[in-house]
Structure formats: C-alpha cells, structure tokens
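Here's the structure, in structure tokens; my notes come after.
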C-alpha cells in the first residue's frame, strides 16, 4: 500500500476521530492501526483527550522511534501547543477540545510555512532527547528527567489474556478460560490474545482464538503503561519443535511494556519418568521462563513448593518473581460465577501490590531543618500529613552537628496534628532505610550529615524548592560546602525545572565530583492541591463597581507598601476604575502612617482569621512576598480561582493565573495593575487559575515513594525462600546439569568457528560430565552447519540453529536459555581460550560452589583471517595486554569492578551462575544501538545493578584472547562518551572503590578527547542526539588529568557552537565554567 505523506497539521485536521487515528498510524508507523490500539485511542478521544496528545503518544512510541519517520511539524507539536496557555486565547476558546485542536493545527501550519520560507524543514526545529524546550529562557544542553506522577494504582484494569499458541489451537476455549475472562471483564478491561510461533508476536483474537491474523499485532502504542499479560496455562512448543515459547512470550511482553503473570499448575510432568524425553523436557524449558516473570500464581501449596524447588535447586536462584498461591475454583461446588469472581479479585490484588513499588516504603526518618522558610515548612507539613495518611510511619529527626549524629526531634511548627512515630534507632531491624529532608537541607554541615548517614546504612533524599526565584549562580563558601554535601545525597528531587537548572549549572561550574546525577537528580513537580480548601471550579466573572484587591506586604517593607499604594492611585486614575484594597495587617505603625496620608484608594485592615471570607469576594490578589508564586497565600488564592500579581522577573514566563512585576520598579508595577484592573485580563487569568493542573498531594507522595523504592534496581529483588518439606510428595526427576556450559554464539564465521572448536577440544581430555560445549548458530548463510557436523561425535557437544536471525543480543538470549550448565560462559566465535584456562575455571567453580560470577582477565588482538594463524600457541601468547597478569582474588562484584577497565562490558569475560545468565542475557534491549546501557552494554547494566554484593572470583592471569574486529565501530563515540562512563558511575554508586574507579576514568581520557572530536566533526552514524556535552564534563571535571585535554575540547566545542551543531547548544562559557578559560 502506498502511504500518503502528511504533515502533523494535516493529520490533526482529519474530519473525524477514526480518520485521524488511521492517518496517524499510517503516517507515523507506516501501517494500518491494530484493533486494540485503535480502540484505545478512540476511547481516549471520546473521553475528551486532545488529538495533539494522542498524536504525540503514537510518535513517541518505541515502534515510531525505531522506524525513525520524519513527519514535518511533528517535533514542534509539544511546545507549540503551549500557545493554548496564552490568557486571551484561552479566554476565547474556553478550553474546548475542538478549539484547542484547531489552534494546534493553525500553529503547526504556520510553523511549517515559516520553515519553508527560511529554506529549512519544520522538523529541523526539534526537541532533543531528554531535554525540555522553554520559550523564554534557553535550557539547551541541560539533560533533564521529569518524573511524572504515575498514580497510586497500576493498570490492573487493562489485562491481556493469553489463550495459547495460535498454531496449536484447534478447539474452542475451555470453560475455565471462559469463566476467567468473564469474571475479569466484570471488573476491568480484558483482551484475549494468542502467540504465533511464525511471527513471534502477540496477536489480538476472540475468546476462541479463531480470528487471529498476522496483519494485526500488539504494539507498544496499543498497550497502556503498567498493563499485564496473564498466562493461564503452560506454554509448550509444538511436537517435533524446540521453540522456547515461554521465554519468547515474556521477552515480547517486556518489549511491549507489559508485566507478566503466570498461573502455575505444578510440575507433575517432571515426576513421570516415561516423559523424560518429551513432555518433561518441554515443561522444564517452560519453567525456566517463569524465572523471568513478574508474578507466578501457583494453584496449590504443592505447586508453589515445586516452583521454589526448581528455581533454587535447578537454576540456583536465590531471588525471583512474586509467588503467591491462589486456589482456582473447582469444577463443582459454589456457583462458578461467584467462585471465579473471588479468584479474580484475589489475583487483581496480587497484581496491584506487585505494581505498586511505593508499598516497599513503610517508614521514613523525617527531617525538617529548624530554619526552614514558611513556604517550605508548609510544604513539609502537608507532605507529612499525606504520607501519614498513606500508612507510612514518620519518625521526626534532626541533625546534631556537635556529635555528628541523627537524633529524635520535636515536630516543627504546627506538625502536632500529624501522627508522628516514636524514635527508632537506625540499627534496629525495623528502622527506616531513608531520611527524607522535605525542606531544603542545604546547610553547611550537610556534608558531614550525609557521610554519617551512609556509614549507618541510611540513604538521604532531599526535596529542593523554589524559595528564591533569582537563584544567583554565584555561591558563597558556606553555600558551596552545603552543595558539596547535597550532591552526595542518594536522591535529589527538584520541585521545578527552574530549581533543577539552577543546581545543575552551579554543579557544572564546580570542580568537585558529581556521579550518577541522571539517576539521582530529577524533577518531581510539587503538588498544586491545597489541603483543606475548597477549589474554585468556575472562572470569576468581572463585575461592575470597584475592583476588590487583597494585598499582602512583608512586615519589614513599609517602603514597598507606600509605593504600591501610590502606583495603585495612578492606575485607578488612568483607568477610571475604583480600587478597594484589603490589607491583612496587625495595624503596624508603618501602615497607620500610610493611612494618615489620605490616600484616595479605599483601604481596609483585616485580621487573618477573616481571610477566607475576604478571598471569596476578591477580584485579584497582590502579594509582595519574596517567595512569589510559592507563597502559601498565593497558592491558596490560585486554588480558589483568584488571579494574582506576584514579584518576579518580567522576562520570565509567569505561572498560570499570575502576572509578574518588579516591586522595586514603578513602571512594572503600574503595568501589572493596569492589566489586572481590566475585566478581560482578570477573567482570562481566572480561567488560567481554575485550569491550573491539579497535582494532588496523594499522587505526589505516591510518586515520591516509588522513586525511593526504585532507587537501586537491586532493591526490588525478592528472596525465594525454601520449599516446605513434605514427605508425601514424590521428588522431581530433573536432569543432572554439567557444572559448566562453554557456549559459542556464531554467525557467518565458519572459519573462526572451526579454529575455536578445535582449540577448545584440545584442552578437554576425554569425556567430562562436568562440561558441555554448545554452539548456537544465528541462521548463518555460510558452511557453519558443515563445520559443526564434524563435532557431533564429540563428548557433550550440542548444536542449535535458529530458524531465522534474531540479532546479536537476541542470539545471546537464545544461547543462555539453551545452555544446560550450572554456570554459563558465552564467548564469541573468534574469542580463543588460552591453554589451561578451562581447567582453571572449572577448578574455581568446584572450590567455590554457588558463587555468582567468575570474572576473567583477557588480552586482545586484531586478526581478520583465521587461516592466517599458523602457530596457535604463539598467537595465544602474543596478545596485546589490556590488564597485566596478577593474582586471583575472591571478593564481591563491586570490589572487583575496577580490576579491568571494561567494568563488566565484555561478555566473554563473564562466567555466570545460570540464573544470572538467564536474566543478564534476556533483558529488554530494544532501542537505538548504544543509546543506553541496555542497548550497548547490557551485561554491565545487569551486573552492576543486580549483583554488586554477590560473591565473585577474579582470575588474574589472562584467560583468553579476544579478537577486537568489532562491528560497532560507528557507535564508538557513544560507548566512550556516554555508556562506559555510566558504568563507572554505577559501579562507584554501588560501592566500588572511588580511587580505583577514578584511575580507570583518567586512563581513558585520551579516548574521551578523541571521541569528543569525532562526534563534533565526523558524526557519520548520527550519534549526537544521544550525547550530551554537559553530562560528559559533569562526570569528568573533577579529574586533575582532564586539564591537559580541556583546551582542545574547548576549541572543538566553540567551533561546533558557532556553526550550530545540534549537540553544541549550550554557550561555551557555561559548559566550561569549571575551568580557567578565557572566553571571547
């Protein structure tokens, strides 16, 4: 089918919603909409969602990004829709969806035409990945991550029910499946799907699985975030095939963003010896997939015991999925309708609890510094109230600098109404893990406080507010000391992008160490909900007569009060409108003096107890407090729909419902008052105030707890425990595993494979029960099958050939799942083991049973032709040294991380325990190559996140020679500038020796400098969208050795900035502000 190329404006302008969805799918994804995706998006539109939001969601899906289609006008859609926030435009269109869509279409048409007039494409003006475009002040070059509140409940109402394998479905769905679907549909959305072993995709179908078509497949855009795939029965390959159906389904579900839950009926097939070559092998392969699931629901306690036994004794795992036994209804007994309803309710409860990461936070040390500002104190108290209502124990604490100790504290200012918990010593078993500084803890002794907390096993989270909107970038020595402590916090959550930007730029100008900032420093926008105050739901109409203003002026600013009244008099005379001003003031002498002057403005003095009744009648609020829109009184007024004049820079875009004025400038204040006196402006700003997004305290607290719970990925590991001892249950008949699987992943390298297998078998004497050699061919098109056939008679040799090529990382997953050993060692077909290496690895495994990882030193070479190796022994001894030979060492993963400069990036140097092999090689690696750790160095991602405290063994003598003829040379810039530095940071954050990591960083600065030049001057592979210059320097600026490279890096960057390179948007003076460089 020939697809019409449309602009974003043309897509939005389609006559009806169905035509719009069809145009969006065809243009962005290059295909017709699938049934599920079309239905979901149509439902969103019918419930009031904007077309622009739906179009952006489709365009940002992984499928769209992978396709990389260039739609004119699409990149500018998000920020162009900000035009809808203009007060008078909003006032005219009254926030109707059709009106807003029309504005977006017109704006996009103008943008497309403007770009054409300038000789450029509209799509050239794009938002870079990980960045935010701001209309008034550029933040180009600062990497930002905004944490969106996910809400308290994950989407258990959107479930995909897997009926089975399509090619094996020959009969209608069982009564059990029908009951399950009916009961689930009564409480949420359930969609039947099937798995196809041909397409290796999930397809929508009807309840009998009869209407499946390969033309309709599930894609990420049709799967709402947080949804679940429910597998009610075991998945086995068709007779005569060896497909790993269970693993394939789990990995596809994860690609779609779905969690997986399996109903498990037990392992009786593994108790029948007559099935050892058939059903038992298929069932064992299926059970292997369950280790990768999120939830497994055994149907009985016996089934649960079987599962734990297999995981712990056959896969050697000590952690795994959530396992909860729920007994399904029997065929007879209570009404099936009621029984299945009960079953579904229990199952939904398990899925909801599993999805809700915040449940893992059940207690917090709550730290409110005694000198917290009024807005921050109000924020901290409201957050504490919300957290306590969620059932989280809050222990109020303070930092005693004199004794360098965290100790119990009395609640600060008005917190007596909160249900605080008694003091718990950090050494107690039920002590909180986190200290939450809910008000800015940027004090001079923060550095010592962070170090002391870390020494006691505590983590610190700091919430940064916006007390000072000017936020000077010149900090005093005391402030620098506080910031040095702040950057050591485990989590830093800014309440706004302004606060984030300020801290980021400050840290960029400081030569101190800052690591893993992208993991620890995020924006979590503060709540707009005002607790205990009824919200204004309709805009205020401008009435006749005097305009009523409510005014707050700081007690120590009588001069400002005088100026305001003088300017108000002028504004009233020019507009011919009477002003009726109410001041909340305890009759200070300064105020009385002002009143004696006989101002023509009508003034009233009221007590704060009358605030609610006065605000109910107010037309606008004027607040001269130094905290601007963050003043609690301003937030209360906006919540009620009252527009406000606040202090702020006139060149900074005001918050919705407000006008920024400079109270020191009579002209700025006069302009603001004149605008506010005009009815059109008041009504427009009141509409803005009423329409301000409601960020509820409950959502904020929930998302905050989710961030803390997911701070380290290793925290989510769930111990498996031990099975019950039940003598009445017959033992499982599981095949005995060899100690080690040596696996070769190969594709179109028959010559190297021949050389490699001959070398391996030269080191194996006779038949060994503790070893297998496995070759997995990724559908090679050369004579690989002929090569391996020569080894079929070798002891313990196995061969598997994929039906089609599944990619390099995909073949690693297949290899790990096909391996049978207790330990799995995957090497490339051109990576050769040195003499004695295999025996050494086996010896280590026998001496240290249960160890998580064996980590190998290695050398490297560059040999293109395996036939050119005439002296193999000489070749294996003439390698290039990467890390000199040294003694072996038994330690932990984090302590061995810096033993080699690769930081676990090299798969051939890893010998995994089999549970770790399955998880490490079966991660979700879909995405642009080298754009993340998972798409570049997934083994480092897994080892450093999930195994830092696991016991590991370093073999110091180089054990193999690696051929460095890599196929990813075009992505080398991202490896050295982004992904390997991420591994350095992650290792240090999880406990690696800081000095050792810094030495590795310094040793590769020459490569960083070389790749810096490459990405700015010779970016053939278009890597720059996945690179951030500020992030690179933030990680490395603390190294003294970088000074030798900075002048040349600066020269290259200045040139790139001058010619408009997309990765050189930040001014050089800001990017290199930490270094002594003379800028033009």
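No lab work stands behind these numbers, since they all come straight from the coordinates. Everything numeric here is computed off the predicted structure, so don't read it as measured data. Cβ placement follows ideal geometry from the backbone for every residue including glycine, while neighbour counts extend to all protein chains displayed.
Miscellaneous remarks
- More than 22 angstrom apart: percent of Cα pairs within segment 926-1039: 39
- Cα centroid separation, segment 948-1000 to segment 788-829: 25 Å.
- Cα-based shape type of segment 864-1014, given that a ≥ b ≥ c are square roots of the gyration tensor eigenvalues and the cut on a/c is 1.5: rounded
- Cα gyration tensor shape for segment 311-378, rounded if a/c is under 1.5, else prolate or oblate: oblate
- Residues 228, 434 arranged by fewest to most Cβ contacts within 10 Å: 434, 228
- Distance between the modelled labels on residue 389 and residue 18, one decimal in nanometres: 4.4 nm (7 Å Cα→Cβ projection).
- Near-label residues of segment 749-787 by backbone N, under 12 Å of a point 7 Å along Cα→Cβ of residue 820: 769-774
- Sorting 339-350, 841-852 by their mean Cβ neighbour count within 10 Å, with the most densely packed peptide first, gives 339-350, 841-852.
- Rounded, prolate or oblate (a/c below 1.5 giving rounded, otherwise prolate when a/b exceeds b/c) for segment 158-355 by Cα gyration tensor: rounded
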